[in-house]
1. For the stretch A:105-144, which positions are aliphatic (A, V, I, L, M), without any contact (Cβ under 8 Å) to a residue 40 or more places away in the chain and either outside the structural domain of A:THR321 (by TED's automatic domain parsing) or within 19 Å of A:ILE2 (Cβ to Cβ) (or both)?
2. Going through A:GLU153, A:GLU117 one at a time, which residue ends up being acidic (Asp, Glu) and more than 16 Å from A:ARG306 (Cβ to Cβ)?
3. Taking the condition more than 19 Å from A:PRO181 (Cβ to Cβ), part of a helix (DSSP H, G or I), in the same structural domain as B:GLY143 (by TED's automatic domain parsing) and of a type outside the set (Lys, Arg), does B:ALA304 pass?
4. Scan the stretch A:96-114 for residues that are closer than 25 Å to A:LEU74 by Cβ and under 16 Å from the mean Cα position of the chain (by Cα) and jot them down.
5. I'd like the full set of residues that are more than 9 Å from chain A (Cβ to nearest Cβ), under 18 Å from B:HIS212 (Cβ atoms) and either surrounded by fewer than 21 Cβ atoms within 10 Å (Cβ to Cβ) or not small (Gly, Ala, Ser) (or both), limited to the stretch B:139-161.
6. Just to check your reading of the model, which residue among A:ALA104, A:ALA112 is surrounded by fewer than 21 Cβ atoms within 10 Å (Cβ to Cβ) and hydrophobic (A, V, I, L, M, F, W, C)?
7. Can you find a residue in the stretch A:242-251 that is more than 19 Å from A:ASP296 (Cβ to Cβ), touching a Leu at 6+ places or on another chain (Cβ under 8 Å) and either at the interface with another protein chain (Cβ under 9 Å from one of its Cβ atoms) or surrounded by 15 or more Cβ atoms within 10 Å (Cβ to Cβ) (or both)?
8. Scanning the stretch B:162-176 for residues that are over 21 Å from the mean Cα position of the chain (by Cα) and assigned to a loop (DSSP other than H, G, I, E, B), which turns out farthest from the other protein chains (Cβ to nearest Cβ)?
Protein chains: 2
Amino acid sequence: MIQVGVNGYGTIGKRVADAVAEMPDMALVGISKASANHTADAALKRGYDIYAPDGRAEQFEAKDMAVAGSVEDLVVNSDVVVDTLPEGMGIEHRPLYERHDTPAIFQGGEPAEVASESFTARANYEDARGEEYVRIVSCNTTGLNRLFAPLLEEFGIDRTVVTLVRCRGEHAVISADPVKPPSHHGPDVLEVLPEIENIQTMGMKVPTVRHHMHSINVELESAPSEAAVREVLENESRIHVADGDLEMNSGWDLQEFALDRGRDRMNLYENQVFEDSIAVEDNQLYLFMSIHRESDVIPENIDAIRAVTDTASRDESMTMTNETLGIGEY
Amino acid sequence: MIQVGVNGYGTIGKRVADAVAEMPDMALVGISKASANHTADAALKRGYDIYAPDGRAEQFEAKDMAVAGSVEDLVVNSDVVVDTLPEGMGIEHRPLYERHDTPAIFQGGEPAEVASESFTARANYEDARGEEYVRIVSCNTTGLNRLFAPLLEEFGIDRTVVTLVRCRGEHAVISADPVKPPSHHGPDVLEVLPEIENIQTMGMKVPTVRHHMHSINVELESAPSEAAVREVLENESRIHVADGDLEMNSGWDLQEFALDRGRDRMNLYENQVFEDSIAVEDNQLYLFMSIHRESDVIPENIDAIRAVTDTASRDESMTMTNETLGIGEY
């Protein structure tokens, strides 16, 4: 059993902990949490041990919430740490992981140089096998890599242009953010899939929650039919082609879809591609794809644990992760 | 003086009335209004005569709001009617305009067949001269035509892909709307600029107000520098290239910008192109452009009045409209 510690228990950390706890080949050592609040209470109720940063244990004890040890204890007790601390704090913790010779998985908010490999399981799992430090690219970049990897293999890609409309903007307005293209997603895709070569990503932010929306244009090397593209995407375990008969087109529909199917924490781990949006004109492919920002990188974190411990091949790991999390089951 | 009636007094109608009232060669006969409310009171305070649909006059009289006549009276008293009724009601009113031989300007919510010409002044003013019925394309399409016309002339266009993120969505989510590309904007651009030939428009809706945001990619026939593109756009009277030094990138910035400069009703008649967003890679142009949905079509309505009455050339009309409305003055 791989002993896994989760350092940080926010949006991503809580979901990584859930997923680790469910995996047949992993055991959750515990999670780190700085504040003794409703989230800490929920973690204890899910049966997770809490490790507190130095000077924070008293806060928990005052509220009768049990603390299993310090963050350093968490690192010592773990074979692998998944670092899900707020953006920029991961790189500050790398010396701690190094000191204990503990491999670590970082998130996309950290700079690429935090790790030797940026990672999306479908695209470059094998490159990360046995590496000490791996970085999971952001949820949007993960979604793009899952889409581009099979398109590259099946049809080739000459050029791609993506407009990413991201939730969590401020004020009731639309922002071009960053106003100067590209957004970080293009360069991050090239970290994982350098053979794409020609990619432009233009980012916006809008005041919504949970789901991003990508407007995708891919200039393919060949000119497949729409049905051929749909078939390739439907064969991808981490892409869900939402049947046109379901009449979905929004983040609202996807929230209801996840809730109706009883998905824990409203998780939708797969890229959501709207079937009716798939349009091909000559070698130009267009589609709309939605990304659940809270859960889309969770399976990648799990696969990265197996990659750094070199305990499974890509297909073995993805299959185990998928089956355990119910990916592709609706 | 051209006698102009404005049938409808909503978002567009009130701004067309303001603009007509200011034009040196036009007189505002009045506006039509169905409800005796705060907007009607404001119209009277701006000195506009109100014409009421049949059966509505009593409502106004009961509140001591003066009524000048019926909607039919408004049509009879006008040389030209600008129809700004809610979507789909314009085409129902066309028989009334025909009966009195009164030329009419319709808005983009009406089907293209309501008029012999779809219209954007910069692109096809001359085609509309002397026509009885002209349709102003929607605010987003107007913005696209203003951008594409000079790019076509200066650099040629091979293909263009636009993602339009539109305000006024519902719920706190992002919708792909319509989920099946293209949105109506692509076909509408081709009504005005058929020489574009290859255009894809992908529409989304988000829960914001006032300003839309376009992510634009134009494949040019030539490969100009970014400076050359900026210069062409800066020479367009109805495009405002927002200086990068101003550090604007959102609808919020644009609202404050209009208010700080004392623009009536927060009007920004010009396409707002963010200077820092202009990027050229080989023959691929990328930029972000924002459209103030409430005012961007107003100058086109004014120019269309001169076109249908054949009282000015394109350049004469655009110049008079621009100077009167303060377009390009910041």
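The values are calculated or read from the model by the stated rules, or taken from the named source; none is laboratory data. All values derive from a computational prediction rather than experimental measurement. In this analysis, Cβ positions are derived from the backbone assuming ideal geometry, glycine residues included, and neighbour counts consider all displayed protein chains.
1. A:ALA115
2. On the way: A:GLU117 fails: more than 16 Å from A:ARG306 (Cβ to Cβ).
Residue meeting the stated conditions: A:GLU153.
3. Values: more than 19 Å from A:PRO181 (Cβ to Cβ): yes; part of a helix (DSSP H, G or I): yes; in the same structural domain as B:GLY143 (by TED's automatic domain parsing): no; of a type outside the set (Lys, Arg): yes.
Answer is no for this residue.
4. First, pick out the residues of the stretch A:96-114 that are closer than 25 Å to A:LEU74 by Cβ: A:96-111, A:113-114.
Within the stretch A:96-114, A:ALA104, A:ILE105, A:PHE106, A:GLN107, A:GLY108, A:GLY109, A:GLU110, A:PRO111 qualify.
5. We begin by selecting, within the stretch B:139-161, every residue more than 9 Å from chain A (Cβ to nearest Cβ); these are B:139-158, B:160.
This time we only want the ones that are under 18 Å from B:HIS212 (Cβ atoms), so: B:139-148, B:160.
Answer for the stretch B:139-161, where residues must be more than 9 Å from chain A (Cβ to nearest Cβ), under 18 Å from B:HIS212 (Cβ atoms) and either surrounded by fewer than 21 Cβ atoms within 10 Å (Cβ to Cβ) or not small (Gly, Ala, Ser) (or both): B:CYS139, B:ASN140, B:THR141, B:THR142, B:LEU144, B:ASN145, B:ARG146, B:LEU147, B:PHE148, B:THR160.
6. Working: A:ALA104 fails: surrounded by fewer than 21 Cβ atoms within 10 Å (Cβ to Cβ).
Checking each option against the conditions leaves just A:ALA112.
7. Step one: filter the stretch A:242-251 for residues more than 19 Å from A:ASP296 (Cβ to Cβ), giving A:243-247.
Keeping just the survivors that are touching a Leu at 6+ places or on another chain (Cβ under 8 Å) gives none.
Checked against the condition, which is being more than 19 Å from A:ASP296 (Cβ to Cβ), touching a Leu at 6+ places or on another chain (Cβ under 8 Å) and either at the interface with another protein chain (Cβ under 9 Å from one of its Cβ atoms) or surrounded by 15 or more Cβ atoms within 10 Å (Cβ to Cβ) (or both), the stretch A:242-251 yields no hits at all.
8. Here is the first cut: in the stretch B:162-176, the ones over 21 Å from the mean Cα position of the chain (by Cα) are B:170-176.
In the following step, the residues that additionally are assigned to a loop (DSSP other than H, G, I, E, B) were identified as B:170-174.
Working: B:GLU170: 8, B:HIS171: 5, B:ALA172: 5, B:VAL173: 3, B:ILE174: 4 Å.
That would be B:GLU170.
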